[in-house]
1. Under the classification rounded if a/c is under 1.5, otherwise prolate if a/b is larger than b/c and oblate if not, where does segment 57-207 fall, given a ≥ b ≥ c as square roots of the Cα gyration tensor eigenvalues?
2. Under the rule a/c < 1.5 gives rounded, and otherwise a/b versus b/c splits prolate from oblate, where does segment 203-357 land using the Cα gyration tensor?
3. With a Förster radius of 41 Å, plug the Cβ-Cβ distance of Thr448 and Ala109 into 1/(1 + (r/R0)^6) and report the FRET value to the nearest 0.05.
4. For each of Leu10, Leu439, count neighbouring Cβ atoms within 10 Å of the residue's Cβ, then give the residues from fewest to most.
5. For the chain, the longest stretch holding no GluC sites (Glu not before Pro) located in a DSSP loop with at most 15 other Cβ atoms within 10 Å is which?
6. Give Lys80/Lys202; Lys202/Lys403; Lys80/Lys122 a once-over and call out the pairs whose C-alpha atoms are over 25 Å from each other.
7. So how far apart, in nm, are the two label points at Arg101 and Ala231 if each is 7 Å from Cα heading toward Cβ?
8. Once the Cα gyration tensor of the chain is diagonalised, what are the square roots of 5 times its eigenvalues, in whole Å and ordered largest first, as equivalent ellipsoid semi-axes?
Amino acid sequence: MSTPPEPMPLPFSWADQEQHLVGHLSALIRLNTSNPPGNEIAVARHLSRELSRSGIAHTVLESEPGRANLVARLPGSGQKPPLMLLSHADVVGAGPEGWSRPPFSGEVADGRVWGRGALDMKGQVAASLLVMQLLAAHRFRLTRDVLMVVTADEEAGSRLGAYWLWENHRGLVEAELAFNEGGGQRFMTPGGPVYTVQVAEKGSARMRVTARGPGGHASVPRAQSAVFTLAEALLRLRAFAPESVLHPASRRMLGTLADLHPGAGAEAIGRLLEEPTWAGANGLPIDPVLREFVVAGLHNTATPTMLAAGHRQNVVPVEASVVLDGRLLPGELPDRWVEEVQRAAGDRVEVSLLHGRVSHAGHDDPEILRVLGDTVAAHEPGARVLPYINPAATDARAFPDTKVVGFFPSASDADIMRLIHAPDEHARISDLMFGGKCLLDAVLRFST
Ligand SMILES: [Zn+2]
């Protein structure tokens with residue numbers, strides 16, 4: 001019989017850190033780093049002052065004026081290769097509509113910190129800073145260097161941030177393991193609480209579907225037109241059941257989900273593991289958000305986003321088009337997916353690739369997952385981790401040689417993640433504290 005995991009011992013009280021963590025996040029939110037234009041230098045300067053006060057070596061690197069990346073390093077004995085705390089300084093923009101408090105107020109009220117970036121991802125920036133400061137102040141003996149890397153430009157493709165660092169300053173950001181955004185959502189299941197851990201993420205294939213037809217005066221009705229042809233293609237795409245692909249990370253995810261859903265759930269998951277299908281994934285009797293992760297983790301997808309047709313109310317347009325936001329499982333090729341979508345949409349429209357990116361394989365390291373599992377169980381008895389393929393992209397895309405894990409556990413249920421990129425974004429202080437505590441604990445497990 002094994003004993004339940006215990007938190008790593010600390011020479012200070014974690015509860016005393018709350019004012020620091022909240023203060024860091026509130027200050028970071030007040031620095032408007034909406035991308036575009038980014039202006040991440042504001043965050044880099046702020047972090048630089050904090051790190052200097054703690055005597056932590058760091059450097060600020062601008063890819064373009066104002067587009068700053070920061071790399072800090074706490075030296076370890078070098079027994080193991082470095083561990084990186086990875087985060088991004090930019091946020092998506094925020095119009096004033098829908099906010100009950102100004103989006104860059106950083107206000108602390110009702111047990112929450114309010115503002116753009118509270119969840120994505122200045123909360124984790126603040127926690128990473130605090131972890132670095134605590135490691136330095138209490139002179140933990142580290143078996144490896146611990147890096148804090150805060151990037152620019154994640155929200156617009158990472159070109160001026162993570163990719164730029166990797167291409168221009170590789171020696172500074174090489175690490176074996178990185179803790180990043182993209183994980184930590186909590187779900188309650190029949191078998192207990194579970195926290196997601198990103199171990200891979202999807203690539204992309206943006207496409208345009210174009211229909212053409214006869215134009216003319218709109219007073220004469222026509223059975224055939226570009227708009228009707230496009231509409232028919234869209235209906236075919238809605239009914240399209242793409243082929244399933246079982247990536248090792250999804251296999252592991254489904255195995256964990258089967259343990260957590262005894263009975264009908266486990267049976268349905270068992271059938272899906274034997275013969276993965278679109279219908280089987282969409283019919284799983286589990287939490288709907290978890291089910292979405294399963295569906296996205298087994299399939300390439302193509303979601304219509306932008307429609308375009310016509311320039312006058314009384315003219316039948318000769319062309320109509322829609323942009324599809326396609327997402328690809330690790331290793332899947334954009335061109336091949338375009339061919340499949342073309343077959344699904346039918347030969348009366350033309351599907352062309354606008355932009356594609358292959359996602360690297362991610363990893364499937366059972367030892368990392370075991371340690372992260374112990375970490376969450378030490379802070380919430382019975383909790384487990386759930387490895388998954390993030391349907392969206394993060395800075396992990398720029399670090400092919402690092403085992404990047406999305407790990408910043410949030411103690412309230414995953415519903416709060418709906419506020420990411422939305423009005424009234426805020427973080428609960430209790431969630432921040434839980435995430436910070438788990439992050440520090442995990443760093444200590446891997447580095448002391
Ligand atoms: Zn983010």
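Bear in mind these aren't lab numbers, they're just calculated from the coordinates by the rules spelled out. Quick caveat, the model's predicted, so the values are computed rather than measured. FYI the Cβ positions are ideal-geometry reconstructions off the backbone, even for glycines, and counts take in every protein chain you see.
1. rounded
2. prolate
3. On the way: r = 37 Å, r/R0 = 0.90.
The computed FRET efficiency comes out at 0.65.
4. Working: Leu10 15, Leu439 22.
So the ranking, lowest neighbour count to highest, is Leu10, Leu439.
5. Details: sites that count: Glu97, Glu176, Glu243.
Here the longest segment lacking exposed loop sites spans 244-448.
6. Working: Lys80/Lys202 29 Å; Lys202/Lys403 15 Å; Lys80/Lys122 28 Å.
From the list (Lys80/Lys202; Lys202/Lys403; Lys80/Lys122), the Cα-Cα distance tops 25 Å for Lys80/Lys202; Lys80/Lys122.
7. A separation of 4.7 nm, rounded to one decimal place.
8. Working: eigenvalues 326, 146, 81 Å².
Taking √(5λ) for each Cα gyration eigenvalue gives 40, 27, 20 Å.
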